[in-house]
Amino acid sequence: MNLVAGVDSSTQSCKVLIVDAATGHIVRSGRAAHPDGTEVDPEAWWLALLEAVADAGGLADVSAISVGGQQHGLVALDVGGRVIRPALLWNDTRSAAAAEALTAQFGAAEYAERIGVVPVASFTASKLRWLRDVEPGNAARVAAVALPHDWLSWRLRGYGPEGSAPLGPMLDELCTDRSDASGTAYWSAITNDYDRELLLAALGHDALLPRVLAPDEGGGEVHASVLGASSPAAPIVLGPGAGDNAAAAFGLGARSGDVIVSIGTSGTVFAVTDRPSRDATGTVAGFADASGAFLPLVATLNAARVLDAVAGLLGVDHDELGRLALEAEPGAGGAVLVPWFEGERTPNLPGATAGLSGLTLANTTRSSVARAAIEGLLCGLADGLEAVLGQGVQARRLLLIGGAAQNPAVQAIAAQVFALPVVVPTPGEYVAIGAARQAAWVLAGGAAPEWPLATVAAPALDHRPVIRTQYAAARDERAAALL
Ligand SMILES: Nc1ncnc2c1ncn2[C@@H]1O[C@H](COP(=O)(O)OP(=O)(O)O)[C@@H](O)[C@H]1O
Ligand SMILES: O=C(CO)[C@@H](O)[C@H](O)COP(=O)(O)O
């Protein structure tokens with residue numbers, strides 16, 4: 001049996017799957033936690049990757065590996081390959097003003113036309129501009145800019161800071177892929193090239209950027225010494241890797257008619273298309289996918305953690321939160337949670353806070369609050385779905401994935417919020433599965449392997465328009481009050 005490994009270095013944790021390259025069957029798995037916070041020392045991701053690999057039984061019998069990772073995070077490297085400051089993550093909203101400054105400089109329409117995205121706080125370019133404005137000394141030291149998955153792949157190949165990596169700081173060995181490059185806001189999925197003028201506007205000077213590999217192009221080999229005791233007998237081929245959403249689409253084998261809704265730390269709505277999108281409102285980001293196509297995507301900052309917070313407030317676990325929510329009627333008796341706990345990206349209100357409204361003596365109950373939390377989270381994603389469909393995407397079904405998609409109440413309420421058939425794939429780490437599929441593709445060449453997708457639930461369509469109608473009123477009122 002030929003084994004390949006797929007990694008998901010996501011916001012909250014690192015997950016590793018060891019998979020049969022021929023069938024996609026998962027043979028072993030491992031995981032390790034990431035630190036909390038919106039800025040993280042990348043070394044913590046590296047240590048978590050090594051821990052997750054060990055937890056998965058090592059890579060001694062593995063022939064290829066690919067790394068999927070959270071998008072956009074800024075890993076700024078100096079000339080010696082050292083990380084200049086903790087990485088600024090996609091959910092760090094301090095770069096909101098920087099995003100506005102970049103957009104004002106070129107105009108939203110020009111950004112959309114040139115690179116398919118308009119800057120928001122999450123994108124790497126906005127973080128570089130923030131660095132230049134707020135930490136000019138650090139900005140001046142930037143010799144190369146990497147993303148989380150690029151940097152981890154580089155470390156796997158044995159490169160790294162002088163003195164602590166076997167092959168040293170060879171910055172020109174940094175590689176990335178189309179999907180992650182498209183989340184920087186200085187690489188274009190339309191031209192397949194970096195836009196250096198946009199990089200200069202962000203950072204203030206030029207810097208080395210990772211070489212963008214083709215979807216099935218090998219990105220070197222894992223350096224035996226970085227794996228310690230589990231070092232393999234034969235070389236392990238490294239795939240190009242991908243941004244986590246693109247990796248998930250690849251892992252699901254998404255095709256025309258599929259729209260994916262992922263409820264992890266971020267909430268995302270996306271589809272694989274054969275044409276690039278250009279949304280000058282900036283709501284839909286025109287990213288690239290992991291197969292050579294495109295990935296129009298809407299992201300929200302507030303997703304699974306909305307349920308974590310409300311479960312904590314009610315003093316219950318996720319199962320009980322779901323049970324409580326299903327006790328209340330659709331619409332939660334008029335109680336609405338607009339869940340902008342961490343500011344929001346869609347709509348673009350980085351300074352927003354959450355609000356619970358419509359309370360009466362009748363609906364101020366644990367079950368209504370639990371339902372309002374799930375409805376509010378899903379309504380934000382339903383707004384995202386509308387925007388994706390507005391880009392001409394055809395949708396026949398919605399694939400629900402991510403940590404919170406495993407909750408039966410989330411599945412049932414999704415069938416009430418979305419006016420589309422909802423399908424829940426078997427619970428799984430689809431980002432890591434996509435990375436493993438990419439590794440298998442690079443290893444074998446030819447066409448990408450076809451792995452079957454098992455589904456676990458398909459809740460009957462039960463559309464209840466009241467949920468979105470009352471949410472829209474509360475959302476608009478809250479947004480107006482914040483502006
Ligand atoms: N049954 C569940 N119900 C609701 N939320 C859940 C459930 N299981 C996991 N989660 C939440 O899902 C999140 C992790 O999902 P995941 O997709 O792995 O996130 P990420 O990839 O962003 O790290 C956590 O916030 C966790 O609390
Ligand atoms: O910012 C985005 C997409 O644009 C996020 O989707 C990040 O890629 C983080 O993903 P998770 O860790 O929540 O999976």
When the stretch 268-279 is checked residue by residue, the ones that are more than 16 Å from ligand 1 (Cβ to nearest atom) and either open to solvent by 50 Å² or more (accessible area, probe 1.4 Å) or part of a strand (DSSP E or B) (or both) are Thr273, Asp274, Arg275, Arg278
Assigned to a loop (DSSP other than H, G, I, E, B), more than 17 Å from the chain's Cα centre (by Cα) and either within 27 Å of Ala299 (Cα to Cα) or not assigned by the TED database to the domain that holds Gly218 (or both) - does that describe any residue in the stretch 42-51? no
Matching residues in the stretch 61-91 (more than 20 Å from Tyr159 (Cβ to Cβ), away from ligand 2 (no atom under 16 Å from the Cβ) and touching a helix residue (DSSP H, G or I) at 6+ places or on another chain (Cβ under 6 Å)) number 1
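Condition check: surrounded by fewer than 22 Cβ atoms within 10 Å (Cβ to Cβ), touching a helix residue (DSSP H, G or I) at 6+ places or on another chain (Cβ under 8 Å), in contact (Cβ under 8 Å) with a residue 12 or more places away in the chain and not aliphatic (A, V, I, L, M). Does Arg94 satisfy that?
So Arg94 fits the description; yes.
Out of all the residues in the stretch 194-217, which are on the phi < 0 side of the Ramachandran plot, touching a residue at least 12 places away in the same chain (Cβ under 8 Å) and surrounded by fewer than 18 Cβ atoms within 10 Å (Cβ to Cβ)?
Hits for the stretch 194-217 are Tyr194, His205, Leu208, Arg211, Ala214, Glu217.
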Per the filter on the stretch 143-183, residues part of a helix (DSSP H, G or I), of a type in the set (D, E, K, R) and either modelled with pLDDT under 95 or open to solvent by less than 10 Å² (accessible area, probe 1.4 Å) (or both) are Asp150, Asp180
- [ ] Examine the stretch 386-396 for a residue that is of a type in the set (Lys, Arg) and closer than 16 Å to Val19 by Cα, and state whether such a residue exists.
- [x] no
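The rows are residues; the columns are (1) modelled with pLDDT of 95 or more; (2) assigned by the TED database to the domain that holds Asp172.
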| residue | (1), (2) |
| --- | --- |
| Leu203 | yes, yes |
| Ala207 | yes, yes |
| Pro210 | yes, yes |
| Ala214 | yes, yes |
| Ser231 | no, yes |
| Ser256 | no, no |
| Ile260 | yes, no |
| Val272 | yes, no |
| Ser277 | yes, no |
Residue count, the stretch 298-348, condition in a loop (DSSP other than H, G, I, E, B), away from ligand 2 (no atom under 16 Å from the Cβ) and open to solvent by 50 Å² or more (accessible area, probe 1.4 Å), comes to 3
Filtering the stretch 53-87 for residues that are farther than 26 Å from Arg129 by Cβ and open to solvent by 20 Å² or more (accessible area, probe 1.4 Å) leaves a count of 6
When the stretch 106-142 is checked residue by residue, the ones that are in contact with a strand residue (DSSP E or B) (Cβ under 6 Å, 6 or more places away or on another chain) and of a type in the set (A, V, I, L, M, F, W, C) are Ile115, Val117, Val142
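One line per residue, one yes/no per condition, for (1) within 23 Å of Leu313 (Cα to Cα); (2) within 16 Å of ligand 1 (Cβ to nearest atom); (3) without any contact (Cβ under 8 Å) to a residue 12 or more places away in the chain; (4) assigned to a helix (DSSP H, G or I):
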| site | (1), (2), (3), (4) |
| --- | --- |
| Asn363 | yes, no, no, no |
| Ser368 | yes, no, no, yes |
| Ile374 | yes, yes, no, yes |
| Leu377 | yes, yes, no, yes |
| Ala387 | no, no, no, yes |
| Leu399 | no, yes, no, no |
| Ala405 | yes, yes, no, yes |
| Test: residue in the stretch 417-431 that is crowded, with 21+ Cβ neighbours inside 10 Å, aromatic (Phe, Trp, Tyr), out of contact with any Gly (no Cβ under 7 Å at 6 or more places or on another chain) and at pLDDT 95 or above | yes
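Is it the case that Thr268 is under 21 Å from Ser9 (Cβ atoms), within 16 Å of ligand 2 (Cβ to nearest atom), outside the structural domain of Glu110 (by the TED database) and polar (S, T, N, Q)?
Spelling it out, Thr268 is indeed under 21 Å from Ser9 (Cβ atoms), within 16 Å of ligand 2 (Cβ to nearest atom), outside the structural domain of Glu110 (by the TED database) and polar (S, T, N, Q).
Residue-by-condition table, conditions (1) over 30 Å from Leu378 (Cα atoms); (2) in contact with a Gly (Cβ under 7 Å, 6 or more places away or on another chain); (3) within 16 Å of ligand 2 (Cβ to nearest atom); (4) of a type in the set (Asp, Glu):
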| site | (1), (2), (3), (4) |
| --- | --- |
| Pro166 | yes, yes, no, no |
| Leu174 | yes, no, no, no |
| Asp206 | yes, no, no, yes |
| Glu221 | yes, no, no, yes |
| Leu238 | yes, yes, no, no |
| Ala247 | no, yes, yes, no |
| Leu252 | no, no, yes, no |
| Arg255 | no, no, no, no |
Requiring at least 2 residues that are open to solvent by 10 Å² or more (accessible area, probe 1.4 Å), the strands (runs of 3 or more DSSP E) wholly within the stretch 1-41 are 13-20, 26-33
Within the stretch 218-234, restricting to residues that are among the aliphatic types (A, V, I, L, M) and not in a loop (DSSP other than H, G, I, E, B), the one that is surrounded by the fewest Cβ atoms within 10 Å (Cβ to Cβ) is Ala229
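The values are calculated or read from the model by the stated rules, or taken from the named source; none is laboratory data. Everything quoted here is computed from the prediction, not taken from an experiment. Here Cβ is always computed from backbone atoms with ideal geometry, including for glycine, and neighbour counts include all displayed protein chains. The accessibility values were calculated without ligands, DNA or RNA, using every heavy atom of the protein model including side chains. Shrake-Rupley method; radii C 1.70, N 1.55, O 1.52, S 1.80 Å.
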